[in-house]
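The values are calculated or read from the model by the stated rules, or taken from the named source; none is laboratory data. Keep in mind the model is a prediction, meaning the values are calculated, not measured. Positions of Cβ are generated from backbone atoms using ideal geometry, with glycine treated the same way; all protein chains shown enter the neighbour counts.
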Amino acid sequence: MNPLSAGLAGFGLSFGLIVAIGPQNVFVLRQGLQRAHVFAVCLTCAVLDILLILAGVLGVGTALENAQWLEKPLTLGAAAFIGGYGVLRFRSAFYPTALDLTESTLEPLGPTLLTTLGFTLLNPHVYLDTLLLIGTASTRFVDESLVAFTLGASLASLLFFFALGYGAARMSTLLSSAKAWQRIDITIGLTMLTIAGVVAQPYL
């Protein structure tokens, strides 16, 4: 396969996997709506995703297939983290406030990035998508085609997160009322609790 076709294959596969609704995407969406540290959050998600894609291409996923004992604690830990964030969103919905973009009202960058790391690295599906699925698909390619496939998959991740974060930021002025944020937080809370239940269900 020529490099252009390989790059398009990598882009299409990565984009198709990442576009599905998940806790990380919901978190990025909310940060975008708040216009809170959008660049840092999008960049962190994209960089971590690209590093995991590279690890998958280099064969780390195959090695981890033998570490089955990690699967249950990682999955239950992820479910607890996602569910806890959902509960926090319900708590915010009980005390809704209008969107205020002054620096004093925003959560500091450090805790925001820690939450971003949690949603990325505690999500078991991110390892399935990057290390296993993309990693396995990459074995069809060699040399320049492998490089193109990897670049295409990485570019899809970079474009998606920045489009999601900044696309949401452009909508923030339309959703600035307290009532709108109450609905947003309830929706996010329900989504997070549903995802947490689906993630944990095989081990309950």
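Take the residues of region 120-159 that are farther than 25 Å from Gly83 by Cα and of a type in the set (Val, Ile, Thr): which is nearest to the chain's Cα centre (by Cα)?
Here the answer is Ile134.
Between residues in region 117-132 that are free of Cβ contacts under 8 Å to residues at least 60 places away in the same chain and residues that are assigned to a helix (DSSP H, G or I) and crowded, with 17+ Cβ neighbours inside 10 Å, which pairs lie under 7 Å by C-beta distance while being six or more apart or on different chains?
Sorted first by the residue in region 117-132, then by its partner, the pairs are Gly118/Phe81; Leu122/Ala78; Leu122/Phe81.
Select, from Thr187, Thr116, Thr194, the only residue that is assigned to a helix (DSSP H, G or I), under 24 Å from Phe81 (Cβ atoms), modelled with pLDDT of 75 or more and touching a Cys at 6+ places or on another chain (Cβ under 8 Å). Spell out the reasoning first.
On the way: Thr187 fails: touching a Cys at 6+ places or on another chain (Cβ under 8 Å); Thr194 fails: touching a Cys at 6+ places or on another chain (Cβ under 8 Å).
Of the residues listed, the single one that is assigned to a helix (DSSP H, G or I), under 24 Å from Phe81 (Cβ atoms), modelled with pLDDT of 75 or more and touching a Cys at 6+ places or on another chain (Cβ under 8 Å) is Thr116.
Just to be sure, is Ser172 among the small types (Gly, Ala, Ser) and crowded, with 19+ Cβ neighbours inside 10 Å?
On the way: among the small types (Gly, Ala, Ser): yes; crowded, with 19+ Cβ neighbours inside 10 Å: no.
When the stated conditions are applied, Ser172 does not pass them.
Do we have Ala156 as assigned to a helix (DSSP H, G or I), without any contact (Cβ under 8 Å) to a residue 40 or more places away in the chain, under 15 Å from Ala46 (Cα atoms) and not β-branched (Val, Ile, Thr) here? Outline the logic, then answer.
Details: assigned to a helix (DSSP H, G or I): yes; without any contact (Cβ under 8 Å) to a residue 40 or more places away in the chain: no; under 15 Å from Ala46 (Cα atoms): yes; not β-branched (Val, Ile, Thr): yes.
So Ala156 fails the test.
From Ala137, Ala156, which residue is modelled with pLDDT under 85 and closer than 29 Å to Gly10 by Cβ? Even if it seems obvious, please write down each step before you answer.
Working: Ala156 fails: modelled with pLDDT under 85.
Exactly one residue qualifies, and that residue is Ala137.
Residues that are at pLDDT 75 or above: list the helices (runs of 4 or more DSSP H) wholly contained in region 1-104 that include at least 2 such residues.
On the way: elements: 3-18, 23-34, 38-57, 60-64, 71-94.
Qualifying helices (runs of 4 or more DSSP H): 3-18, 23-34, 38-57, 71-94.
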